[in-house]
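To start, the structure under review is shown below, and the notes come after it.
The values are calculated or read from the model by the stated rules, or taken from the named source; none is laboratory data. Because the structure is predicted, anything quoted here is derived from the model rather than measured. Backbone-built Cβ (ideal geometry, glycine too); neighbour counts: all protein chains shown. To get the accessible areas, we keep the full protein, side chains included, count just its heavy atoms, and leave off ligands, DNA and RNA. Shrake-Rupley method; radii C 1.70, N 1.55, O 1.52, S 1.80 Å.
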Amino acid sequence: MIAKKSLSALAFLVILTSLCTVFLSFTNGLYQNVKAGRQRELRMKIWMTFGNQVDGGTFDREFPESVSVKEDGKNSFYQYAARDQAALHLTGPGLWGDIELLMFIDYRNKTIREMFVLSQIETPGLGARISEQAFLDQFRGLDYSGSVRITKDRSGKSGEVDAVSGATKTSGSLEAIINKGLETFSSFAAKEAKP
Amino acid sequence: MSGSGIRSSKAFATFVENIWSSNPIFVMVLGVCSSLAVTTMLANALVMGLSVTFVLCVSSLLISLVRKLIPEQVRLIVFMLIISTFVITVDLILRILLPDVSKALGPYIGLIITNCNLMGRAEAYAIKNPPGRSVLDSLGTGLGYTLVLLILGFMRELLASGSLFGVVLLRGWTSWNLANIAPGAFFLLASVIIVFNMLKRKKKTAVVTADKPRQR
């Protein structure tokens, strides 16, 4: 009798879980579609920041012709050899979830040109302040020939940026994402230069 | 006609009660974590409040509809499944429609799953009552929650940046940064609860003096 009751409870749960899963897969499908549309917008943004005009008609042909795209895990690297520029689209773990960055560099002079935080879910009021323009402006023209350091006590070396106070973990994660991205890009660029 | 009138008026009384005299935050002090975290901006507070209200209503409706089918020993797991499904749906919908607000709210939309009000309404009301009344009950709780979030969001955004919904209203306002950070949120919530309790006490004494013969 008890076994029968438990079985029916189990069956109910299995059915309900399956229904929920189907429903969520459907919603997720919708979201992925929208995300793909945003991918194209991202490429347009990169194209414009490289200093070009976006022409709706020729963009989809022009972009792949002049920009070489490489992928490494969650990170994408857009190299625009004509102007020694590159865009690094980096995703890495923050304190609560992934931090998604878009970083423009001048790889001949080894400086960062501009930095954008595309998405993050850090603590509002603390870690989330990495999205603020005042913080991001510090990266403009930053020399990354050593490694980038996000620190609370600057020693005066190049490549240093003031951390967000109260957000040690987020600052550390951001630093790791940036440096790993730059390293990977350098190794790609070196491989290409050799042959 | 009169029978349904009485029933609906009773349901309506629950609805009003949930907004005011048993408000989820002021009186029961449930779901305080999210209400402190997302109220730095009025717009975020509004979206958060409406999301909670939506999840409350939809999950209550569904639970109430299948309340006779739910096996008693697994009912909490069933609540959790239904609630989390709708919370994830809301999260995805916000990412599609309002990507900026969704970024600002961060993990707190996902954390609606752990908001005690949802499990509370399911266990205390939706499992025992018909769909219409359950939805009304949840709507009251959700609106009560939204009301408090809006009050806090209004005060915090105004004090911290002199703006409302991102529109600067007070030019040359000296930003009161305390309102933007967690301790300020605690102080403000406590002050609002004090004012609320004073109002409530005043109202009660007024009712007592006016309706003395009706007292039980």
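Points worth noting:
- Three-way shape label, region A:25-180, alpha-carbon gyration tensor, a/c 1.5: oblate
- Radius 12 Å from Cβ of residue B:110, net charge of other residues (Lys, Arg +1; Asp, Glu -1): 0
- Ratio of the Cα radius of gyration of the protein assembly as shown to 2.2 N^0.38 Å, where N counts its residues: 1.23
- Top positive-direction residue, dipole computed over region B:10-211 with Cβ charges, set B:18, B:101, B:89: B:18
- Assuming charge only on the beta carbon of Lys and Arg (+1) and of Asp and Glu (-1), the dipole of chain B about its Cα centre is about 860 debye to the nearest 20.
- Net charge, residue B:64 excluded, C-beta distance under 11 Å - Lys, Arg +1, Asp, Glu -1: +4
- Here, P(r) means the percent of Cα pairs in each 10 Å bin from 0 to the largest distance; for region B:10-211 it is 9, 32, 32, 19, 7, 1, 0.
- Per residue, in Å², the accessible surface of the protein assembly as shown once ligands and nucleic acids are set aside, probe 1.4 Å: 54
- For region B:44-52, 3J(HN,Hα) per residue [Karplus equation, 6.51 cos²θ - 1.76 cosθ + 1.60, θ = phi - 60°, Hz, x = Gly/Pro]: 4, 4, 5, 4, 5, x, 5, 4, 4
- For chain B, with all protein chains in place and a probe radius of 1.4 Å, 70% of the accessible heavy-atom surface sits on carbon or sulfur.
- Counted by Cβ distance under 13 Å from residue A:131, the other residues give a net charge of -3, where Lys and Arg count +1 and Asp and Glu count -1.
- Among A:136, A:30, A:126, the largest mean-square fluctuation in a Gaussian network model of chain A, built with springs joining Cα atoms closer than 10 Å, belongs to A:30.
- Among A:107, A:78, A:31: highest mean-square fluctuation, GNM of chain A, C-alpha pairs under 10 Å: A:31
- Accessible surface of region A:1-138, 1.4 Å probe: 59 percent of it comes from carbon and sulfur atoms.
- Candidate residues B:80, B:198: accessible-area rank, largest first, probe 1.4 Å: B:198, B:80
- Members of region A:19-44 that become less accessible by 40 Å² or more once partner protein chains are added (1.4 angstrom probe, chain alone as reference): A:20, A:23, A:24, A:27, A:31, A:38
- Per-residue ellipticity at 222 nm, computed for chain A from helices alone with -39500 (n - 2.57) per DSSP H run of at least four residues, works out to -15500 deg cm²/dmol.
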